[in-house]
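The values are calculated or read from the model by the stated rules, or taken from the named source; none is laboratory data. Since this is a predicted model, take the numbers as computed values, not measurements. Neighbour counts run over all protein chains shown; Cβ positions are idealised from the backbone, glycine included.
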Amino acid sequence: MNEIKAPKGTRDIFAPEIQKWHNLENAIHAYYKKFLYQEIRTPIFEHSELFSRGIGSETEIVQKEMYTFSDKSDRSLTLRPENTASVVRAVIENNLFETLSPLRFYYIGSMFRYDKPQKGRYRQFQQFGVEVFADDSPQVDAEVMFSAVDFLKKIGIEAMQLELNSVGCPQCRPDYLQVLRKAARAQESRLCSDCRRKIDGNPLRIFDCKLPACAEVAASLPLISDHLCGECRDHFAAVRETLSWMNVSFQLNPRLVRGLDYYTKTAFEITSGQLGAQNALLGGGRYNNLIQELGGPDMAAIGFAAGMERIILHLEQLEPARPKTLFVAYEDPQWLAHAVQMAQVLREEGYPVYLDYQGKNLKKQFKKADRVAAAFTLILAENEIQSGSVSIKNMVNQEQIKISLKELNEWLKKNY
């Protein structure tokens with residue numbers, strides 16, 4: 001019988017790595033609540049039309065990377081490849097525009113793309129992201145970027161670069177696209193087949209191609225920064241000015257367009273030199289037309305999504321704190337009842353407690369305490385039972401003390 005393994009591009013996450021995921025998720029919850037973001041959870045699969053309309057039918061994601069299937073009613077469904085379109089759908093469908101304020105959301109969850117698995121890049125991958133609705137001010141663009149940079153710094157990532165661009169709006173982009181198409185057609189023979197197809201569909205995607213020949217052509221193509229309308233120029237200038245107020249350094253990247261069609265005005269990425277070719281930690285931008293495109297009101301929005309696997313890779317060098325676990329050990333099986341009762345009392349007080357029920361000797365229980373990374377082992381033996389006390393062994397420095405059971409809770413409050 002063939003061994004059943006996890007599908008290519010997926011993986012299992014378990015101890016000790018899972019602790020890094022818990023720490024990251026807890027940090028996200030704590031940080032973004034300070035900015036009045038509310039958590040939102042959307043379905044893992046949606047009607048396929050949501051992504052073809054929301055992301056753009058000409059994007060690489062829709063053309064090549066979506067996991068799409070038909071259900072028993074012959075409806076086309078897709079495992080979500082990103083979550084912005086899903087959040088917008090949820091806000092429209094549940095009329096959250098009328099019931100929640102402020103309209104600020106964050107999410108954590110699995111996304112799915114049929115992509116080439118690489119280090120930090122999987123077919124089922126985890127993202128966290130934020131979305132802000134009903135605010136067209138350039139200052140909120142800067143605040144969203146500040147929060148991304150500040151959050152990464154607070155969890156220990158320092159080596160990063162914020163790259164920034166404006167991709168225009170429906171008023172100025174069409175004229176620029178005509179100029180771009182003309183320039184791209186003049187060098188069409190040097191482009192790959194995908195980029196030649198993009199000339200008529202969405203020539204901005206040419207800037208995303210990683211093939212050397214296409215990148216060389218892209219470097220010579222006209223820039224949208226030279227074709228922005230007055231409103232987009234003013235908005236972009238105000239974004240940069242606000243970032244300077246917030247002491248956020250950035251680098252202008254006039255060829256940064258992002259991989260999704262819904263972006264307008266501000267587009268940004270945070271990259272790191274520690275990840276090689278796959279150097280993007282997070283990216284996002286403004287998408288003022290997406291809500292209306294999906295059937296909602298004419299309302300501005302901005303957000304970003306971050307790859308959690310890539311963030312975890314950056315945290316691999318950070319030594320995780322030793323878990324504050326208590327291990328209750330007993331010298332003889334006759335003291336098991338006392339050990340069970342002590343474990344129950346400690347858990348009621350909120351302490352994580354492990355108890356080995358297999359009746360092994362103390363030496364083996366100490367080895368088990370090390371394996372579960374216990375901070376302290378509480379030892380019950382005949383002397384302790386008779387005197388109403390407990391011995392406490394520090395599993396880090398191996399020091400051992402004996403205290404009264406009446407003093408145990410107070411001791412733990414000071415030393416745990």
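Descriptive notes on the structure:
- The set of residues from region 137-154 being farther than 21 Å from L315 by Cβ and polar (S, T, N, Q) comprises S137, Q139.
- Residues that are surrounded by 17 or more Cβ atoms within 10 Å (Cβ to Cβ) and closer than 26 Å to F146 by Cα, drawn from region 199-239: F207, D208, I224, S225, L228, C232, H235, F236, V239
- The number of residues in region 169-227 that are charged (D, E, K, R) and either assigned by TED's automatic domain parsing to the domain that holds I55 or within 23 Å of L252 (Cβ to Cβ) (or both) comes to 7.
- Screening region 92-102 for residues that are surrounded by fewer than 17 Cβ atoms within 10 Å (Cβ to Cβ) and not acidic (D, E) and picking the one that is nearest to I302 (Cα to Cα) gives P102.
- Against the list (1) touching a helix residue (DSSP H, G or I) at 6+ places or on another chain (Cβ under 6 Å); (2) surrounded by fewer than 19 Cβ atoms within 10 Å (Cβ to Cβ); (3) of a type in the set (G, A, S); (4) at pLDDT below 95, the condition G54 fails is (2).
- Of the strands (runs of 3 or more DSSP E) that lie entirely inside region 71-154, those containing 1 or more residues that are under 25 Å from D12 (Cβ atoms) and in contact (Cβ under 8 Å) with a residue 60 or more places away in the chain span 104-112, 124-133.
- Residue count for region 1-41 satisfying the condition of being in a helix (DSSP H, G or I) and of a type in the set (S, T, N, Q): 3.
- Flag if A213 is of a type in the set (A, V, I, L, M, F, W, C) and either free of Cβ contacts under 8 Å to residues at least 24 places away in the same chain or not in a helix (DSSP H, G or I) (or both): yes
- Of S244, S249, all but one fail to be touching a strand residue (DSSP E or B) at 6+ places or on another chain (Cβ under 9 Å) and assigned by TED's automatic domain parsing to the domain that holds A148; the exception is S249.
- Across region 216-225, the number of residues qualifying as touching a residue at least 40 places away in the same chain (Cβ under 8 Å) and touching a helix residue (DSSP H, G or I) at 6+ places or on another chain (Cβ under 8 Å) comes to 3.
- Filter pass, A6 being surrounded by fewer than 19 Cβ atoms within 10 Å (Cβ to Cβ), under 19 Å from E309 (Cβ atoms) and hydrophobic (A, V, I, L, M, F, W, C): yes
- Screening E65 on (1) within 28 Å of D298 (Cβ to Cβ); (2) touching a residue at least 40 places away in the same chain (Cβ under 8 Å) shows it passes everything except condition (1).
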